[in-house]
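The values are calculated or read from the model by the stated rules, or taken from the named source; none is laboratory data. Predicted model, so just to flag it, every value in this text is computed and none were measured. Note: ideal-geometry Cβ built from the backbone for every residue, glycine included; neighbour counts use all protein chains shown.
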Amino acid sequence: MEKLNAAVIGVGSMGRNHARIYSELDGTRLVAVADANYDNAVNVAKHLRCNVYSDYLEMIDKEDIDLVSIAVPTKYHKDVALGCIEHNISLLVEKPIADTEDNAKEITKRAEENGVKLTVGHIERFNPAVIELKKRLDRGELGKIFEMKATRVGPFPNRIRDVGVVIDLAVHDIDLMRYLTNSEVKRLYAETERKIHTKHEDILSGLIKFQNGAVGVLSVNWLTPEKIREISILGEKGMFLVKYLTQELYFYENIKANDGNYSYSDILMGVAEGDITNIRIQKKEPLKAELESWVDCVRTDKKPVVSGLDGISALVLAQKLIESNEAEQVISL
């Protein structure tokens, strides 16, 4: 199998991991990295034995590149992405796809016009526990979904950011809720607080109503002493719980869903507690799974798991949550 030439633009905390994995995959050859912080780029390039640039435009001019990961700050996504599209390089843009809806739409439009493959780095879709959950939901193992509750909290991270928790963190769970329900959003409402650590919002409490009737609940911040990454899916037959960090999946059974002989106490309580099953998951680094899938899409001309339109939808919904807080009202879509 001929290897594809890969490159990474922006080798900070996330980009350096993209570079590492491209250097490890059987199907890719890491040819170069670029970063405005040249010393940072040099350190990565020395370790991974690839070419190094401070100017990404020089890199894409000089190198023969099949695919690239863009992991620069969000406000630079559009310019960098368009530069790669002009050179017909397949591109993975780290989430969020862009800083504004217009910029996100221009990226996807230009990629489509030029026949360039595009995906967005919504990594949680590639968590093995989420993959297994999606399969079980699609098989109807939970029945009708009533509520999805996402908790994404932890201490304030020491890295540079140009967005708040809604765009930086909540966008993960917004995308995942759309993906798990196969449904679009009907309305939403949010409360946030800002200027605790940054000029952007540091904490979010959000409600999302989906067209299929499911309710999404978002609890997101970088103020909590303990790092928690979980999502629970409540439905007719019980509840699934995913712990992202440990890649664990649990099913809490509602035995009433399977047993029509209800006692008086069952009727009073509404549901009856059944077995709790720890579903066996074959663990794998989500970023590696994401990049393997991406490389396969480029090689075989498949559609990516996460499309540019998925990236736009997640960004728009995140921005609508911010607007809801600012307007102090529910926003219907």
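Descriptive notes on the structure:
- Inspection of the range 290-299 finds no residue satisfying the criterion of being among the β-branched types (Val, Ile, Thr) and in a loop (DSSP other than H, G, I, E, B).
- Residues located in the range 193-204, provided they are more than 17 Å from VAL316 (Cα to Cα) and either among the aromatic types (Phe, Trp, Tyr) or assigned to a strand (DSSP E or B) (or both): GLU193, ARG194, ASP202, ILE203
- Number of residues in the range 30-49 that are surrounded by 21 or more Cβ atoms within 10 Å (Cβ to Cβ) and in a loop (DSSP other than H, G, I, E, B): the value is 1.
- Taken over the range 17-45, the residue count meeting the criterion of being in contact with a strand residue (DSSP E or B) (Cβ under 8 Å, 6 or more places away or on another chain) and basic (Lys, Arg) is 1.
- Filtered residue count, the range 218-267, keeping only those that are of a type in the set (Phe, Trp, Tyr), surrounded by fewer than 20 Cβ atoms within 10 Å (Cβ to Cβ) and at pLDDT 95 or above: 2
- Check on ILE85, more than 23 Å from HIS172 (Cα to Cα) and either of a type in the set (Gly, Ala, Ser) or in the same structural domain as ASP66 (by TED's automatic domain parsing) (or both): yes
- Residues located in the range 268-289, provided they are touching a helix residue (DSSP H, G or I) at 6+ places or on another chain (Cβ under 7 Å), outside any helix (DSSP H, G or I) and at pLDDT 95 or above: ILE279, ILE281, GLN282, LYS283, LYS284
- Failed item in (1) touching a Leu at 6+ places or on another chain (Cβ under 6 Å); (2) of a type in the set (Ser, Thr, Tyr); (3) over 15 Å from VAL93 (Cβ atoms); (4) crowded, with 20+ Cβ neighbours inside 10 Å, with SER23 passing the rest: (4)
- PRO155 satisfies every condition listed in (1) under 23 Å from GLY15 (Cβ atoms); (2) part of a loop (DSSP other than H, G, I, E, B); (3) without any contact (Cβ under 8 Å) to a residue 60 or more places away in the chain except (3).
- Of residues in the range 302-327 being in contact (Cβ under 8 Å) with a residue 40 or more places away in the chain and in a loop (DSSP other than H, G, I, E, B), the one surrounded by the most Cβ atoms within 10 Å (Cβ to Cβ): VAL306
- Of all residues in the range 50-71 being assigned to a loop (DSSP other than H, G, I, E, B) and in contact (Cβ under 8 Å) with a residue 60 or more places away in the chain, the one that is farthest from the chain's Cα centre (by Cα): ILE65
- Unmet criterion (only one of (1) in a helix (DSSP H, G or I); (2) touching a Cys at 6+ places or on another chain (Cβ under 8 Å)) for ALA81: (2)
- Failed condition for ILE97, given (1) in contact with a helix residue (DSSP H, G or I) (Cβ under 7 Å, 6 or more places away or on another chain); (2) closer than 20 Å to LEU287 by Cβ; (3) surrounded by fewer than 19 Cβ atoms within 10 Å (Cβ to Cβ); (4) modelled with pLDDT of 95 or more: (3)
- Residues that are within 30 Å of ILE89 (Cα to Cα), in the same structural domain as SER183 (by TED's automatic domain parsing) and under 15 Å from the mean Cα position of the chain (by Cα) occur in the range 131-145; there is at least one.
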